[in-house]
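Everything below concerns the one structure shown next.
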Amino acid sequence: MDLYVENKCLQVGSIYIIGVSSSSTFLIGDTDSISAASVFDTPPESVIIGPLVPLASER
């Protein structure tokens, strides 16, 4: 995927983050490239996946 964004004069006053996921990217500023990689070193029999809890929305 190629994405081109031109922000010109970007100012960030404040940031409020109420949660992150296990594969999150939070970036403010410039970058030439972002590379994603994943490593999972836990044996499959020891992984316990429980119910997902939604984050509260404060809009």
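Taken together, the values in this text are just the output of simple stated rules run on the coordinates, not laboratory data. All of these numbers come straight from a predicted model, not from anything done at the bench. Ideal geometry is used to build each Cβ from the backbone, glycine not excepted, and the neighbour counts take in all protein chains shown.
Strictly greater than 19 Å: what percent of every Cα pair in the chain meets that? I get 60 percent for the Cα pairs in the chain exceeding 19 Å. Charge dipole (Cα centre; +1 on Lys/Arg Cβ, -1 on Asp/Glu Cβ; no other charges) of the chain amounts to roughly 280 debye.
If R0 equals 25 Å, the separation of the Cβ atoms of Leu55 and Val5 corresponds to a calculated FRET efficiency of about 0.45. Placing unit charges on the Cβ atoms of the charged side chains and taking the dipole of the chain about its Cα centre, the candidate lying farthest along the positive direction among Val12, Leu27, Ile49 is Val12.
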